[in-house]
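Trainee: Submitted below is the structure of interest, expressed as structure tokens.
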Amino acid sequence: MSLSLLWVVVLLIATTSTGIMLVRDWRWLIIFLAIQYAAMFILALQHWPTGMAAVKVIAGWMSAAILGMTRSNFGEGETDTTDSLPQGRLFRLIAAGIVGVIVASGTPIVDAMMADAGMAVSAGSLILIGMGLLHLSVTDRILQVTVGLMTVISGFEILYTAVESSILVAALLAVINLGLALAGSYLMIASNAQEVEAP
């Protein structure tokens, strides 16, 4: 695969992970998550065969569908409309820029440590890990926390493809993604039920 295409994929990952932090509508959140898994598939192809890499994108899309179907059953009253710092979009954009600077400086070191995984693969994984951790630090909503955890694990999975090519590990990581989506869906349903029962 051409190097320029890989860097386009890394740029797509940076855009979607930043979009996940900035959007307020849950529909866009799910769309960005699905695009992120498609980009992850392309990076995983650098070290894994197509069948094993396809497991990642299928599990990711199934997880996004689980979260989207669960969230679609609720009303529209849960959207976050606050614009105050530090929760505002400007703060999140600046924080995403700081993560980008850290990723740019750390990518060559991580690439050398991870058996020369490739600069694009290392950069894509570090972006996902960094943006996922940032997303976890600025939100407390169940859907966003679940997506943040899935983003962090996606970054780890991309980096791990350069080290391990076991089918069992690929299946285990897919089960972890699906388990996170199911746990997030359950917590959303339980939280919504509590809000409905509250006087």
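The values are calculated or read from the model by the stated rules, or taken from the named source; none is laboratory data. Note that this is a predicted model, so its numbers are computed, not measured. A quick note on method: Cβ atoms are made from the backbone with ideal geometry, for glycine too, and the neighbour counts reach across all protein chains shown.
Trainee: In the stretch 1-46, how many are outside any helix (DSSP H, G or I), more than 17 Å from Ser125 (Cβ to Cβ) and in contact with a helix residue (DSSP H, G or I) (Cβ under 7 Å, 6 or more places away or on another chain)?
Mentor: Total satisfying the criteria: 1.
Trainee: Could you tell me which residue of the stretch 139-176 is farthest from Met188 (Cα to Cα), considering only residues that are in contact with a Phe, Trp or Tyr (Cβ under 8 Å, 6 or more places away or on another chain) and of a type outside the set (Gly, Ala, Ser)? Explain how you work it out, then say what you get.
Mentor: So in the stretch 139-176, the residues in contact with a Phe, Trp or Tyr (Cβ under 8 Å, 6 or more places away or on another chain) come out as 143, 154, 161, 165, 169-170, 173.
Applying the additional criterion that residues be of a type outside the set (Gly, Ala, Ser) yields 143, 161, 169, 173.
Numbers: Leu143: 7, Thr161: 31, Val169: 29, Leu173: 23 Å.
The qualifying residue farthest from Met188 (Cα to Cα) is Thr161.
Trainee: Of all the residues that make up the stretch 90-146, how many are over 18 Å from Tyr160 (Cβ atoms) and either among the β-branched types (Val, Ile, Thr) or over 19 Å from the mean Cα position of the chain (by Cα) (or both)?
Mentor: Within the stretch 90-146, residues that are over 18 Å from Tyr160 (Cβ atoms) and either among the β-branched types (Val, Ile, Thr) or over 19 Å from the mean Cα position of the chain (by Cα) (or both) number 14.
Trainee: Can you find, within the stretch 2-17, the residue that is surrounded by the fewest Cβ atoms within 10 Å (Cβ to Cβ) among those that are polar (S, T, N, Q) and under 19 Å from Ile153 (Cα atoms)?
Mentor: Of all residues in the stretch 2-17, those polar (S, T, N, Q) come to 2, 4, 15-17.
Filter again for under 19 Å from Ile153 (Cα atoms), leaving 15-17.
Working: Thr15: 15, Thr16: 23, Ser17: 29.
Selected residue: Thr15.
Trainee: To continue, here is another question. Which ones in the stretch 97-129 are among the β-branched types (Val, Ile, Thr) and buried (at least 16 other Cβ atoms within 10 Å of the Cβ)?
Mentor: Those that are among the β-branched types (Val, Ile, Thr) and buried (at least 16 other Cβ atoms within 10 Å of the Cβ): Val99, Val103, Thr107, Val110, Val121, Ile127, Ile129.
Trainee: Still on this structure: Go through the residues of the stretch 134-148 one by one and say whether even a single one is acidic (Asp, Glu) and over 22 Å from Gly19 (Cα atoms).
Mentor: No, because not a single residue in the stretch 134-148 is acidic (Asp, Glu) and over 22 Å from Gly19 (Cα atoms).
Trainee: Would you confirm whether any residue within the stretch 115-122 is among the hydrophobic types (A, V, I, L, M, F, W, C), under 21 Å from Ile35 (Cβ atoms) and in contact (Cβ under 8 Å) with a residue 12 or more places away in the chain?
Mentor: yes
Trainee: Going through the stretch 170-199 one residue at a time, which ones are assigned to a helix (DSSP H, G or I) and surrounded by fewer than 13 Cβ atoms within 10 Å (Cβ to Cβ)?
Mentor: Going residue by residue through the stretch 170-199, those that are assigned to a helix (DSSP H, G or I) are 170-197.
Result: Leu172, Val175, Gly179, Tyr186, Ala190, Ala193, Gln194, Glu195, Val196, Glu197.
Trainee: Can you say whether Ala123 is outside any helix (DSSP H, G or I) and farther than 26 Å from Ala65 by Cα, as far as the supplied structure shows?
Mentor: When the stated conditions are applied, Ala123 does not pass them.
Trainee: Go through the stretch 130-169 and report how many residues are surrounded by 19 or more Cβ atoms within 10 Å (Cβ to Cβ) and either of a type in the set (Gly, Ala, Ser) or touching a residue at least 60 places away in the same chain (Cβ under 8 Å) (or both).
Mentor: Qualifying residue count for the region: 18.
Trainee: Now a separate question. Here are some residues: Met52, Met21. Which one is farther than 23 Å from Ala162 by Cβ, in contact (Cβ under 8 Å) with a residue 40 or more places away in the chain, surrounded by 18 or more Cβ atoms within 10 Å (Cβ to Cβ) and of a type in the set (A, V, I, L, M)?
Mentor: Checking each option against the conditions leaves just Met21.
Trainee: Go through Ala170, Ala174, Ala162 for me and flag whichever is closer than 17 Å to Phe41 by Cβ and modelled with pLDDT of 90 or more.
Mentor: Only one candidate qualifies: Ala174.
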